[in-house]
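Single-structure report; data block below.
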């Protein structure tokens, strides 16, 4: 049975569903409630209410269930400001420390840690980004900064506990249960097309352009890749890119959306402010057999169908 922290969330819920598809049951940890979320109610999922920063609560879960692996996806709000920032950072660190501690106590074989493509920020290469590229010690945003810290701590915990800690460097992920991400435009474009409302890009950190690109991975593929890595008999590496392996531009996303919603009013300025880079997924493919199942057209159609069925996100 796999403990999935943040298992009711965006990527977490799709990971739980993928684990079920591979024959593995999950215990979903949520801070707010011990009820199984409605979008997972069709699965034999166990839900537990706990904050990963509370060691006693985590230990209680292990007393009630036989946990054989952990996928640690839970996070805290990105640390910003002064007092709030310290509190968020403390929650992140305590949560990670507690996960490592219970993993050792329970004799867990593998802990998967969510990381991000943002750790590659500032790396200059014309080739796809591979996991062995040297990354910069700094980061321009709290999320990749905290993920770099967690990757290093995971290495330390693996050495200290004998438990396998594996980093999942997750690319730009979009799809059902997601949100309008501040880093890329695809979710906002889909929401506008599905709702028929004007395109709202106010939540993005920068004005997107048609030629801006990113390695986009549909969330169902992301969840399946995480599940495959978590359950693999043998992994030869400590870090894996989870991605589509190719760059998708905003123009590609708009073209895919218009195959489902031909009259979608999705206008972006021409040009490129961020060309984007693909993540190399050779390791992932070799060790798990993973291949993306959703190209941009299929992903857009699936996401639009989900939203037009009445789901808010």
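Suppose the filter is in contact (Cβ under 8 Å) with a residue 60 or more places away in the chain, surrounded by fewer than 19 Cβ atoms within 10 Å (Cβ to Cβ) and touching a strand residue (DSSP E or B) at 6+ places or on another chain (Cβ under 8 Å); does residue 222 pass it?
Values: in contact (Cβ under 8 Å) with a residue 60 or more places away in the chain: yes; surrounded by fewer than 19 Cβ atoms within 10 Å (Cβ to Cβ): no; touching a strand residue (DSSP E or B) at 6+ places or on another chain (Cβ under 8 Å): yes.
No, not satisfied.
What are the residues in the stretch 279-291 that are out of contact with any strand residue (DSSP E or B) (no Cβ under 7 Å at 6 or more places or on another chain) and surrounded by 19 or more Cβ atoms within 10 Å (Cβ to Cβ), if any?
Taking the stretch 279-291 first, the residues out of contact with any strand residue (DSSP E or B) (no Cβ under 7 Å at 6 or more places or on another chain) are 282, 285-291.
Once the filter is applied, which keeps residues that are out of contact with any strand residue (DSSP E or B) (no Cβ under 7 Å at 6 or more places or on another chain) and surrounded by 19 or more Cβ atoms within 10 Å (Cβ to Cβ), the stretch 279-291 yields 288, 290.
Just checking, which of 227, 255 is at pLDDT 95 or above and either at positive phi or buried (at least 18 other Cβ atoms within 10 Å of the Cβ) (or both)?
Values: 255 fails: either at positive phi or buried (at least 18 other Cβ atoms within 10 Å of the Cβ) (or both).
Answer to the check: 227.
Exactly one of (1) in the same structural domain as residue 248 (by TED's automatic domain parsing); (2) without any contact (Cβ under 8 Å) to a residue 60 or more places away in the chain is unmet by residue 136. Its number?
(1)
I'd like the full set of residues that are more than 17 Å from residue 153 (Cα to Cα) and in a helix (DSSP H, G or I), limited to the stretch 109-140.
Listed by number, the residues that qualify are 117, 118, 120.
For every residue, the table says whether it meets (1) within 16 Å of the chain's Cα centre (by Cα); (2) closer than 23 Å to residue 168 by Cα; (3) touching a residue at least 60 places away in the same chain (Cβ under 8 Å).
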site: 207; (1), (2), (3): no, no, yes
site: 217; (1), (2), (3): yes, yes, yes
site: 230; (1), (2), (3): yes, yes, yes
site: 238; (1), (2), (3): no, yes, yes
site: 253; (1), (2), (3): no, no, yes
site: 259; (1), (2), (3): no, no, no
site: 277; (1), (2), (3): no, yes, yes
site: 287; (1), (2), (3): no, yes, no
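Condition test on residue 301, is it outside the structural domain of residue 14 (by TED's automatic domain parsing), touching a residue at least 40 places away in the same chain (Cβ under 8 Å), under 26 Å from residue 180 (Cβ atoms) and under 18 Å from the mean Cα position of the chain (by Cα)? Show your work before the answer.
Numbers: outside the structural domain of residue 14 (by TED's automatic domain parsing): yes; touching a residue at least 40 places away in the same chain (Cβ under 8 Å): yes; under 26 Å from residue 180 (Cβ atoms): yes; under 18 Å from the mean Cα position of the chain (by Cα): no.
Considered against the rule, which asks whether it is outside the structural domain of residue 14 (by TED's automatic domain parsing), touching a residue at least 40 places away in the same chain (Cβ under 8 Å), under 26 Å from residue 180 (Cβ atoms) and under 18 Å from the mean Cα position of the chain (by Cα), residue 301 comes out as no.
Would you confirm whether or not the stretch 124-139 contains a residue that is modelled with pLDDT under 95 and farther than 29 Å from residue 221 by Cβ?
Within the stretch 124-139 (the criterion being modelled with pLDDT under 95 and farther than 29 Å from residue 221 by Cβ), the answer is yes, since at least one residue qualifies.
Return the residue satisfying two criteria in turn: it lies in the stretch 36-49 and is in contact with a strand residue (DSSP E or B) (Cβ under 6 Å, 6 or more places away or on another chain) and in a loop (DSSP other than H, G, I, E, B), and of such residues it is surrounded by the most Cβ atoms within 10 Å (Cβ to Cβ).
45
One line per residue, one yes/no per condition, for (1) surrounded by fewer than 17 Cβ atoms within 10 Å (Cβ to Cβ); (2) not in a helix (DSSP H, G or I):
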residue: 3; (1), (2): no, yes
residue: 8; (1), (2): no, yes
residue: 12; (1), (2): no, no
residue: 16; (1), (2): no, no
residue: 20; (1), (2): no, no
residue: 29; (1), (2): no, yes
residue: 34; (1), (2): yes, yes
residue: 52; (1), (2): no, yes
residue: 75; (1), (2): no, yes
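Given the condition surrounded by fewer than 19 Cβ atoms within 10 Å (Cβ to Cβ), touching a strand residue (DSSP E or B) at 6+ places or on another chain (Cβ under 9 Å) and in the same structural domain as residue 235 (by TED's automatic domain parsing), answer yes or no: does some residue in the stretch 162-179 qualify? Before you say what the answer is, go through the steps one by one.
Going residue by residue through the stretch 162-179, those that are surrounded by fewer than 19 Cβ atoms within 10 Å (Cβ to Cβ) are 162, 164, 177, 179.
Applying the additional criterion that residues be touching a strand residue (DSSP E or B) at 6+ places or on another chain (Cβ under 9 Å) yields 164.
Next, only the ones that are in the same structural domain as residue 235 (by TED's automatic domain parsing) stay: 164.
Within the stretch 162-179 (the criterion being surrounded by fewer than 19 Cβ atoms within 10 Å (Cβ to Cβ), touching a strand residue (DSSP E or B) at 6+ places or on another chain (Cβ under 9 Å) and in the same structural domain as residue 235 (by TED's automatic domain parsing)), the answer is yes, since at least one residue qualifies.
The values are calculated or read from the model by the stated rules, or taken from the named source; none is laboratory data. Nothing here was measured: the structure is a model prediction, and the numbers come from that model. We place every Cβ from the backbone using ideal geometry, glycine too, and count neighbours over all the protein chains shown.
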